[in-house]
Amino acid sequence: MNRKKIALIGGGQIGGVLAQLIASKELGDVVMFDIVEDMPQGKTLDVGEAARIVGFDSKVTGTNSYKDIEGADLVIITAGLPRKPGMSRDDLLTTNAKIMKSVAEGVRDNAPNAFVIVISNPLDAMVTLFQKVSGFPFNKVMGQAGVLDSSRFATFIAWELNVSVKDVNAMVLGGHGDSMVPLVRYANVNGVPVMELLERKYGDKEKAKEVMDAMVQRTKMAGGEVVKLLKTGSAFFSPAAAATAMAESIIKDQKRVLPASAYLQGEFGVDGYYVGVPAVLGANGVERVLELSLNEEEKAAFDNSIAAVKKNVEAMERLGF
Ligand code: A3D
């Protein structure tokens, strides 16, 4: 059997869950790279020893040498510091840019044909830097943020309406920062607009709007809510699950429509930036960006979010990256 080779760069909190999920789903053999000596070897040994119980044949190994990721089909990057309470994602820029530059060189030199999903923060800037340093084609390099942000939004809606989250469709666009844009108008439960269901529940348009505003605000701040409670580190299960869904769509050519940080060349009126948009993910990576119409208010929020991404990219350039 010709299994896919999936390299995880970063074997911390998210990297550990990625190894479990990818092996459990048998998406391919996993190689986990980290700079901390012995840690990725230990973590993957632990995951691998559960194979008999969980029932997977994927091989799971750890390494401190980039040589071992040679020929990887897909690379998922979580190398970098996570937030501490009180920090914004942007506060990680300088430290994580240094790390991302070295990671991009390691991946470029050892897995030149790989598809790449970046998770490290600040997300949109880190994807931009990875692509710039590696020179990989734009369709092969993308960032995970929107799948998680959208899942958070959908979860809050499901809790509020007391329905299965599987029937909730909700999407978050824009940069992965506090200015991200949860799309209220398009949110629905099996096709029925969420706003209509809220208005029926409360019998009052004002109250329905108030409840939705609170869910939107909670979605935007959801990463920080977890950081504040954990005190050390940030969300790790949900981002790993989100990147696994993206990896699965690429590996199995599912062509799922997932919000991803994708390189825009005119779509949504943006040119030359990585931003969260709905994308068709398949055997060619980001195969298409699905454009949708935004009303004035949504467009203003989207533009505001783009401005935040540009600010980070420019700050990174000023730092010499
Ligand atoms: P953590 O558990 O600290 O793991 C990061 C790992 O990166 C550690 O094991 C480090 O040893 C390793 N590392 C550091 N420098 C290098 C290097 N040069 N090469 C290879 N590995 C290195 O963090 P985490 O797994 O919780 O989070 C990882 C990143 O994801 C952070 O930047 C978070 O901010 C980010 N994150 C993103 C999301 C999104 O949805 C975009 C969500 C949550 C966290």
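What follows is calculated from the coordinates using simple rules that are stated; it is not laboratory data. Source: prediction; values computed, not measured. Note that we place each Cβ from the backbone using ideal geometry, even for glycine, and neighbour counts take in every protein chain shown.
With respect to the cross-link table entries K59/K252; K220/K255; K5/K101; K166/K228; K84/K311; K59/K231, which display a Cα-Cα separation exceeding 25 Å? Mind dumping the intermediate values first?
Working: K59/K252 19 Å; K220/K255 27 Å; K5/K101 22 Å; K166/K228 28 Å; K84/K311 22 Å; K59/K231 33 Å.
Over 25 Å Cα-Cα: K220/K255; K166/K228; K59/K231.
Over the chain, Cα pairs under 8 Å with separation of 6+ residues give a relative contact order of 17 percent. Remark: region 102-114, residue by residue, has Karplus-estimated 3J(HN,Hα) of 5, 5, 4, 5, x, 6, 4, 7, 10, 9, x, 9, 7 Hz, where x stands for each Gly or Pro and the curve is 6.51 cos²θ - 1.76 cosθ + 1.60 at θ = phi - 60°. Each peptide among 254-263, 102-111, 226-235 gets the average number of other Cβ atoms lying within 10 Å of its residues, and from highest to lowest they stand as 254-263, 102-111, 226-235. Seen from every direction in turn and averaged, the convex hull around the alpha carbons of region 105-224 projects onto 8.4 nm². The ratio of the alpha-carbon radius of gyration of the chain to the globular-protein estimate 2.2 N^0.38 Å is 0.98. The distance separating the Cα centre of region 48-101 from that of region 189-211 comes to 40 Å. Here, region 1-112 yields an orientationally averaged convex hull projection of 7.5 nm² when only Cα atoms define the hull. Each peptide among 237-247, 294-304 gets the average number of other Cβ atoms lying within 10 Å of its residues, and from highest to lowest they stand as 237-247, 294-304. From most to least packed by mean Cβ count within 10 Å, the peptides 279-292, 3-16 give 3-16, 279-292.
Suppose only helical runs count, i.e. DSSP H with n ≥ 4. What mean residue ellipticity at 222 nm does that imply for the chain under -39500 (n - 2.57) per run, divided by all residues and rounded to the nearest 500 deg cm²/dmol? Intermediate results must be reported in sequence, preceding the final value.
Details: 11 runs with 144 residues, N = 321.
Rounded to the nearest 500, the figure is -14000 deg cm²/dmol.
Summing Lys, Arg as +1 and Asp, Glu as -1, what charge do residues with Cβ under 12 Å from the Cβ of Y66 carry, Y66 excluded? Combined, the nearby Lys, Arg, Asp and Glu give -3. Projecting the Cα positions of V118, T61, G12 onto the charge dipole of region 5-145 (unit charges on Cβ atoms of Lys, Arg, Asp and Glu, taken about the Cα centre) puts V118 furthest along the positive direction.
Computed over the Cα atoms of region 146-321, what is the ratio Rg over Rh, Rh following Kirkwood? When Rh is taken as the Kirkwood radius, the ratio is 0.97.
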